[in-house]
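The values are calculated or read from the model by the stated rules, or taken from the named source; none is laboratory data. Note that the structure is predicted; figures quoted are calculated from it, not measured. All Cβ positions, even for glycine, are placed from backbone atoms using ideal geometry, and neighbour counts span all protein chains on display. All accessible areas refer to the heavy atoms of the entire protein, side chains included, with ligands and DNA or RNA removed. Shrake-Rupley method; radii C 1.70, N 1.55, O 1.52, S 1.80 Å.
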Amino acid sequence: MKCDRCENMVVYSRKYSGENLCSKCFSSSIVNKTTRTISKYNMIKSGDVVGVAVSGGKDSLSLLQILKEISLEHNFMLKAITVDEGIPGYRDEALKIVEDFCKKIDVEHKVYPYRSLFGTTLEQTLEVRGNEKVSSCSICGILRRRAIDFGAIDLKVDVIATGHNLDDMLQTFIINIISGDTKKIGWMDPDTSENKTRKIKPFCEIYENEIVFYAFTNEIPFQSEECPHMNEGIRTEIRNFLNSLENTHTGIKNNMYKSILKISTTLKGSNNLEWRTCVKCGSECTGEICSVCNTLANLRLN
């Protein structure tokens with residue numbers, strides 16, 4: 001079968017659109033879609049220094065490569081930020097992959113370990129959490145966001161880019177609904193122009209399985225080892241549920257994403273968030289004490 005856009009052989013069939021694409025045309029479609037998303041939401045401005053959070057997984061490394069390609073024709077610069085949680089036997093592989101990849105495409109790269117920033121590692125925090133009903137993913141997520149923020153300040157970047165894809169957005173929405181944290185849904189709008197800290201998700205309109213295929217077809221190396229704590233939370237179950245729905249009802253993820261944007265925009269207008277300064281560490285937050293200081297204090301009390 002020939003590609004719908006050229007004479008080459010088809011390697012990927014995009015079920016929700018009916019397109020049949022060769023490797024080159026598929027890759028171009030992902031780059032073009034990312035570019036359109038960036039333009040639509042004015043995610044990157046001329047002259048920006050973009051700090052890309054690069055974990056070593058398929059999403060972040062694919063994002064780094066695509067942004068590098070886009071930056072060659074547009075006026076912005078990239079720097080890579082990697083967080084080392086201190087998980088034995090897991091993060092070492094990723095650190096080497098990211099280091100080598102950044103050298104290959106000529107992007108400045110710096111690693112920020114939990115131990116240096118917080119005086120502890122993820123494994124150590126899990127040992128002292130006791131019987132608290134808090135998942136390792138929850139603790140890690142809070143510390144990771146702060147580590148990335150610190151990296152952004154240290155590297156003097158204007159905007160932080162993460163590799164969150166459309167599937168991640170849907171999963172996060174459902175998690176917020178289940179937990180009753182509807183306020184966070186108002187923060188899911190890709191338009192970050194009103195945010196104090198600009199954080200962008202250029203892959204927010206692209207399916208996870210398409211990013212996987214992009215990484216494979218472009219021979220992007222990524223971490224093969226899965227996080228040993230990935231199944232502690234509910235996200236994996238939600239991912240499987242959504243994939244099952246998509247297999248039966250093609251395009252349902254795209255439809256759900258559009259609905260989330262409408263809901264998020266509505267809630268965003270009613271959130272009326274007042275940004276404050278954490279009394280303990282001086283970081284930006286919405287309460288008296290930020291989530292990082294709260295988390296670390298609770299762990300030390302247990």
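Assorted remarks:
- Residue that is modelled with the lowest pLDDT, among those in the range 268-288 that are more than 20 Å from residue 154 (Cα to Cα) and among the hydroxyl-bearing types (Ser, Thr, Tyr): 270
- If you check 24, 33 for being more than 25 Å from residue 149 (Cβ to Cβ), more than 21 Å from the chain's Cα centre (by Cα) and open to solvent by 40 Å² or more (accessible area, probe 1.4 Å), only one passes: 24.
- Taken over the range 126-165, the criterion of being at pLDDT below 85 and of a type outside the set (Gly, Ala, Ser) is satisfied by 126, 127, 128, 129, 131, 132, 133, 134, 137.
- Only residues that are within 28 Å of residue 87 (Cα to Cα) and either open to solvent by less than 10 Å² (accessible area, probe 1.4 Å) or touching a helix residue (DSSP H, G or I) at 6+ places or on another chain (Cβ under 8 Å) (or both) were counted in the range 185-201, giving 2.
Residue-wise test of (1) over 29 Å from residue 253 (Cα atoms); (2) of a type in the set (A, V, I, L, M, F, W, C); (3) in contact with a helix residue (DSSP H, G or I) (Cβ under 8 Å, 6 or more places away or on another chain).
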position: 5; (1), (2), (3): no, no, yes
position: 42; (1), (2), (3): no, no, no
position: 48; (1), (2), (3): yes, no, no
position: 70; (1), (2), (3): no, yes, yes
position: 85; (1), (2), (3): yes, no, yes
position: 97; (1), (2), (3): yes, yes, yes
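- Of all residues making up the range 18-43, the number that are free of Cβ contacts under 8 Å to residues at least 40 places away in the same chain and not in a helix (DSSP H, G or I): 5
- Only one of 258, 253 that is assigned to a helix (DSSP H, G or I), over 26 Å from residue 136 (Cβ atoms) and open to solvent by less than 80 Å² (accessible area, probe 1.4 Å): 253
- Exclusive hit being within 23 Å of residue 93 (Cα to Cα), outside any loop (DSSP other than H, G, I, E, B) and open to solvent by 40 Å² or more (accessible area, probe 1.4 Å), set 222, 241, 216: 216
- Selection within the range 148-180 - over 14 Å from the mean Cα position of the chain (by Cα), of a type in the set (A, V, I, L, M) and over 23 Å from residue 68 (Cβ atoms): 174, 175, 177, 178
- For the range 143-179, residues that are among the β-branched types (Val, Ile, Thr) and either crowded, with 20+ Cβ neighbours inside 10 Å or within 15 Å of residue 50 (Cβ to Cβ) (or both) total 6.
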